[in-house]
Amino acid sequence: MLQPKIINITSEVAGLAEGQAKVLRLNRLRIAVIKLNDGYYAIDEICSHEEESLAGGSISDGQIECPKHGARFDIKTGEVKAFPAVIPIRTYPVTQKNDEIFLNIPNE
Ligand code: FES
């Protein structure tokens with residue numbers, strides 16, 4: 001079984017303000033790393049409704065709103081918070097050690 005891959009993303013997310021996102025392309029994944037008031041979180045960048053990019057969607061109260069039809073997702077859990085999406089989006093663990101930020105992705 002392949003082990004997850006841990007990537008140091010410290011330089012990629014440096015300078016992100018709270019409520020901002022940075023899109024990373026890793027292997028075949030497109031991941032949005034978002035800074036909230038208590039740390040960094042990572043989600044699939046593609047909306048589960050019609051595969052629109054969530055980048056540029058508004059972020060508030062720990063949720064991101066898809067710019068195309070307005071579905072909202074919990075950034076920490078990927079849970080759907082507003083229709084028309086019904087399928088959660090994938091989340092990825094982000095850890096912080098000292099001043100470095102690490103993203104944990106499946107090794108697919
Ligand atoms: S594509 Fe995101 S809500 Fe429709």
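The values are calculated or read from the model by the stated rules, or taken from the named source; none is laboratory data. The model shown is predicted, which means the values in this text are computed figures rather than measured ones. FYI the Cβ positions are ideal-geometry reconstructions off the backbone, even for glycines, and counts take in every protein chain you see. Heavy atoms of the whole protein, side chains included, go into the accessibility calculation; ligands, DNA and RNA do not. Shrake-Rupley method; radii C 1.70, N 1.55, O 1.52, S 1.80 Å.
Here is the figure for region 1-56: residues that are of a type in the set (A, V, I, L, M, F, W, C), assigned to a loop (DSSP other than H, G, I, E, B) and open to solvent by less than 30 Å² (accessible area, probe 1.4 Å) total 4. Close contacts from region 1-23, counting a first residue that is under 18 Å from Asn37 (Cα atoms) and a second that is assigned to a loop (DSSP other than H, G, I, E, B), with Cβ to Cβ under 6 Å and a gap of 6+ residues or different chains, come to Glu18/Asn37; Lys22/Leu16. Of all the residues in region 64-86, those that are open to solvent by 40 Å² or more (accessible area, probe 1.4 Å) and within 26 Å of Ile6 (Cα to Cα) number 3. Inside region 38-63, residues that are more than 10 Å from the ligand (Cβ to nearest atom) and within 24 Å of Ile105 (Cβ to Cβ) make up a count of 13. Residues in region 87-104 that are buried (at least 18 other Cβ atoms within 10 Å of the Cβ) and more than 16 Å from the ligand (Cβ to nearest atom): 5 in all. Residue count for region 57-72 satisfying the condition of being in contact (Cβ under 8 Å) with a residue 24 or more places away in the chain and assigned to a strand (DSSP E or B): 3.
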